[in-house]
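The values are calculated or read from the model by the stated rules, or taken from the named source; none is laboratory data. This is a predicted model, so every value here is computed, not measured. A quick note on method: Cβ atoms are made from the backbone with ideal geometry, for glycine too, and the neighbour counts reach across all protein chains shown. Note: accessible area is taken over every heavy atom of the protein model, side chains too, but ligands, DNA and RNA are not part of it. Shrake-Rupley method; radii C 1.70, N 1.55, O 1.52, S 1.80 Å.
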Protein chains: 2
Amino acid sequence: MPHGYFDQHQHSDINELADVIGELLQNPVTIEDMDHRLLAYSSHSESTDQARWSTIMGRRVPEKVLTRLWKDGVFQHLFSQVDPVHIPEKVEIGLGQRVAIAIRRGSDILGYIWAQEVNRPLTSEDDEILRQAAKAAVPLFLQRQGKRKAEEGRRKEFLWELLLGSHRDESLLLQKAAKLQMEIPPPFLISVVDITEPQGEQLTQLLYPLLMRDKVYNVTDGSQVILLICSRKGGQCNDGTLLQLVDQFMEEAFSKIVDKFGEENVFVGCGRPVQTLTDSRQSYQEALQMVQVKRQFPRETRHLIHYNKLGLYRMLAHMHLINDAQGYTNEGLGKLLAYDRENQTNLMETLEVFLDHVGKVNVTASQLHIHINTLSYRLKRIEEITGYNLDDPNDRFSLYADLKLLKI
Amino acid sequence: MPHGYFDQHQHSDINELADVIGELLQNPVTIEDMDHRLLAYSSHSESTDQARWSTIMGRRVPEKVLTRLWKDGVFQHLFSQVDPVHIPEKVEIGLGQRVAIAIRRGSDILGYIWAQEVNRPLTSEDDEILRQAAKAAVPLFLQRQGKRKAEEGRRKEFLWELLLGSHRDESLLLQKAAKLQMEIPPPFLISVVDITEPQGEQLTQLLYPLLMRDKVYNVTDGSQVILLICSRKGGQCNDGTLLQLVDQFMEEAFSKIVDKFGEENVFVGCGRPVQTLTDSRQSYQEALQMVQVKRQFPRETRHLIHYNKLGLYRMLAHMHLINDAQGYTNEGLGKLLAYDRENQTNLMETLEVFLDHVGKVNVTASQLHIHINTLSYRLKRIEEITGYNLDDPNDRFSLYADLKLLKI
DNA sequence: GGCGTATTTGTGAAAATTCACAAATTAGTC
DNA sequence: GACTAATTTGTGAATTTTCACAAATACGCC
């Protein structure tokens, strides 16, 4: 019957626990939460490896190490079993030989304990120590989680306040943010991720690793997840680098979500970068507008992420209103539509594909599965019927805009 | 000393005068105003030619006859001399041999008297009769002109009312129009002709023959002439045929004006066709907007006449407002502008010419007098600097629109 | 002056576009 | 079924576009 290593006292401090484990194993120990942020590390040992050093300095496991361990299937092991996992040395990422165990409650993983093997190799006896250590850590994690939950609630409340309120007093908002320990160095922006079918909560879970890695705050609203994104290193970040960062973030996030839900169900939009918390609302509105536009024009706006590059689609709603007010209709397109209806042709589609491919005939023809001469014939026909000249930039613009407007 | 043929009585009626001349000359006589509208014709004679017959039936000299007489220099003769002009037969236009004289007061020409030579040839004695007849006609013309002036004044007043007032009661307007004998069968439209330098009055004079031929009412406002244009045959005219008619009218008018003042000084715009007098204002506003836009974008809108085909330029002012309100700027173009400034390049111009020629590289290159590979290099550079993709329709339209917006 | 970078021009080959013309196909009408 | 008109596809040649690569030129900087 095994010894009860952690029976004597309830550990009130997680660092204390780390020290106790370290002493028992006679090796350096670190404890991380589920997002690999450093929670505690044993203090007594002097010798360590590059990976542990970086983790402590950065208060988080380096990305490089994490991705490598993912690739090597270490985490998959940790997820699927209760026992410690022995990991051989991986020189390329500065990771010495070590043992890891997941801290779990039921099927949930709360965090990890890592033990190096620098002073002595770890035996199966040590595995038992780690098993018990993982159990002993659970109450500490739950306690921590409780605090965090409450704080998260207040943070989310504040985020909604930023998104919806129309504020005047920037300094008041800054104070609130500071009280909630939310660092939001400008510039930042608001992004909306909208999924047709699943609940936002599921989405958040999916994105969780990403949300943690970059400086992102989030709230959920029905099928939407709303993100506030800023750079970790505030000072050196201008609008351009923020957009780059978001691009990168979205690329990863998007592929994850699309894998799960299918591209046609996912809509992502970002408002413009803003400098003040007061302007959060503006950025949020823009992100919302983007999502709406992308639902209406999924194909045309598929590759768009940033509000500033919405181009025509930024104007479309306004143009629709103006046209309504003026009683404007594009007579050429009207005639074309009538012609299509009367003759069961599809000149309208032909025109749209043509315009969507900036007038490249071979691309258009192959897209429509027609002979290139057929296309050329149809285009001539379209010019005759509409009275527009496809070689005139303004006529092209009119047709493109009015064509898209017809879809509203 | 010559006989005073018309001394005995003041002719109160112009038809009476025509009959007296006809009897003296023993030949058919017609009297026309300066615009060749029939005012009177002698009644006694039975034999006549095709030209006279058409003139009487159409209450105006046929266009065919007029243009031929212009070409043959007959009118030039009539303008430059006080004596009658003898005109040989012109079979092709059904014009028999005749004599014509201008009715003048000082240097102004008020109208014409025509005498055919069907019953007997006209001698120099008859020329004297015509000279005296022309003199005798002057008071009748002045009297007529006086009436017309007053009526014209009331008509112009009414036109301004249509253009500027915001009316509710269509039937009231119709009544007024009827009282002024202004037939305005719908559809009609308002057009504005704007000349940079000369006074509108001069312009009206230049256009006078055209104004008379088609159903056009006009008023002058500073450097602008405002026209209300409708079809003579109201019932059969729909919007499309009206636009065609206007095209034709403008083609002729435009060439006349451009010949005189140079293309860069002339701006013509037409509002949309409307069905009710109440809507005149709308059409007028559109015509005004067109003229304004054409001043701002003379090259781009040179060939545009109808409001409905303004395309992008119809939206530009609105878009400008929206952008201002949103604080939107096209960052790509901003970068390009900065780049041009720092490196004394002209990528901006390159881009504009490229877009103005719907992406045809050879046209663009020749327009810019550069090698085609230079152009291709610059375009690649433009894409790099702006971050826009010239093969993306939305990007293209954004650049096109925002480029033109920069000029406002 | 020399150096490196940005820009322009040249060459040539593959691919795409334009155009005219002919043949085949389709659809509607009598 | 035969006829007509509209549409589609095919062929071929002249022109244009695209692309890669090399050489020449321009410009700022040390």
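Some notes on this structure:
- Normalised by the number of residues in segment A:165-310, the average gap of Cα pairs under 8 Å and 6 or more apart makes the relative contact order 31 percent.
- Net charge, A:Leu110 excluded, C-beta distance under 12 Å - Lys, Arg +1, Asp, Glu -1: +1
- Other-copy label distances relative to A:Asn265, 7 angstrom Cα-Cβ extension, nm: 7.0
- Relative to the other identical copies, A:Gln285 shows label-point distances of 2.5 nm, where the label point lies 7 Å from Cα along the Cβ direction and values run shortest first.
- Of the residues B:Leu227, B:Ile257, A:Ile87, the one whose Cα sits farthest toward the positive end of the charge dipole of the protein assembly as shown, with +1 on the Cβ of Lys and Arg and -1 on the Cβ of Asp and Glu, is B:Leu227.
- Using a probe of 1.4 angstrom and keeping all protein chains present, the accessible surface of segment A:14-138 works out to 46 square angstrom per residue.
- Taking N as its residue count, the alpha carbon Rg of the protein assembly as shown over 2.2 N^0.38 Å: 1.51
- Electrostatic bookkeeping for B:Ser43 treats Lys and Arg as +1 and Asp and Glu as -1; over the other residues with beta carbon under 13 Å from its beta carbon, the sum is -4.
- Cβ neighbours within 10 Å from other chains - mean over B:379-388: 1
- A dipole drawn for segment B:323-406 from +1 and -1 charges on Cβ atoms has a positive end, and of B:Asn394, B:Ile382, B:Gly327 the residue lying farthest that way is B:Ile382.
- Working ranking of peptides B:152-161, B:356-365 by packing, defined as the average number of other Cβ atoms within 10 Å per residue, highest first, is B:356-365, B:152-161.
- Angle in degrees between helix B:124-164 and the longest Cα principal axis of chain B, rounded to the nearest 10: 40 degrees
- Between the helical axis of B:280-296 and the longest alpha-carbon principal axis of chain B there is an angle of about 60 degrees.
- Prolate/oblate/rounded label for segment B:148-192 (Cα gyration tensor, a/c 1.5): rounded
- Summed over both chains, the area buried between A and B is near 3300 Å², taken from the accessible surface of protein heavy atoms with a 1.4 Å probe.
- Cα gyration tensor category, rounded, prolate or oblate, for segment A:228-306 with a/c compared to 1.5: oblate
- The residue list A:Gln143, A:Ala40, A:Ile305 was ranked by how far each Cα lies along the charge dipole of chain A toward its positive end, using unit charges on Cβ atoms, and A:Ile305 comes out on top.
- Whole-number D in µm² s⁻¹ for chain A, Kirkwood Cα-pair radius fed into Stokes-Einstein, 25 °C, 0.890 mPa s: 97 µm²/s
- Here the contact order of chain A, divided by its residue count and restricted to Cα pairs under 8 Å and six or more residues apart, works out to 10 percent.
- Helical runs assigned H by DSSP (4 residues or longer) give chain B a calculated mean residue ellipticity at 222 nm of -17500 deg cm²/dmol, each run adding -39500 (n - 2.57) before division by the residue total.
- Partner chain coverage, peptide A:310-316 - average Cβ within 10 angstrom: 6
- In this Cβ point-charge picture (+1 for Lys and Arg, -1 for Asp and Glu), the protein assembly as shown has a dipole of about 560 debye about its Cα centre.
- Both radii are taken from the alpha-carbon atoms of segment B:352-408; with Rh as the Kirkwood radius, Rg/Rh is 0.96.
- Gyration tensor (alpha-carbon) shape descriptor, segment A:298-408, a/c threshold 1.5: oblate
- Tilt relative to chain A, helix A:331-343 - C-alpha long axis, 0 to 90 degrees, to 10: 90 degrees
- For B:Asp169, label point 7 Å along C-beta direction: distances to other copies, nm: 5.9
- Accessible surface of segment B:43-168, 1.4 Å probe: 53 percent of it comes from carbon and sulfur atoms.
- Counting only other chain Cβ atoms within 10 Å of each residue's Cβ, the peptide B:298-307 averages 1.
- Relative contact order of segment B:337-408, defined on C-alpha pairs under 8 angstrom at six or more residues apart (%): 22 percent
- Between A:Glu384 and B:Tyr377, the simple spin-label model (points 7 angstrom out along Cα→Cβ) gives 4.5 nm.
- When only the Cβ of Lys, Arg, Asp and Glu is charged (+1, +1, -1, -1), the dipole of segment A:21-70 relative to its Cα centre reaches about 200 debye.
- Using a Förster distance of 35 Å, the FRET efficiency for B:His86-B:Ser223 (Cβ separation, nearest 0.05): 0.20
- Charge dipole (Cα centre; +1 on Lys/Arg Cβ, -1 on Asp/Glu Cβ; no other charges) of segment B:323-406 amounts to roughly 240 debye.
- Extent of segment A:14-138 along its three principal axes (Cα atoms, max minus min coordinate, largest first): 33, 30, 25 Å.
- Calculated SAXS-style log₁₀ I(q)/I(0) at q = 0.10 Å⁻¹ - segment A:165-310, Debye, Cα scatterers: -0.32
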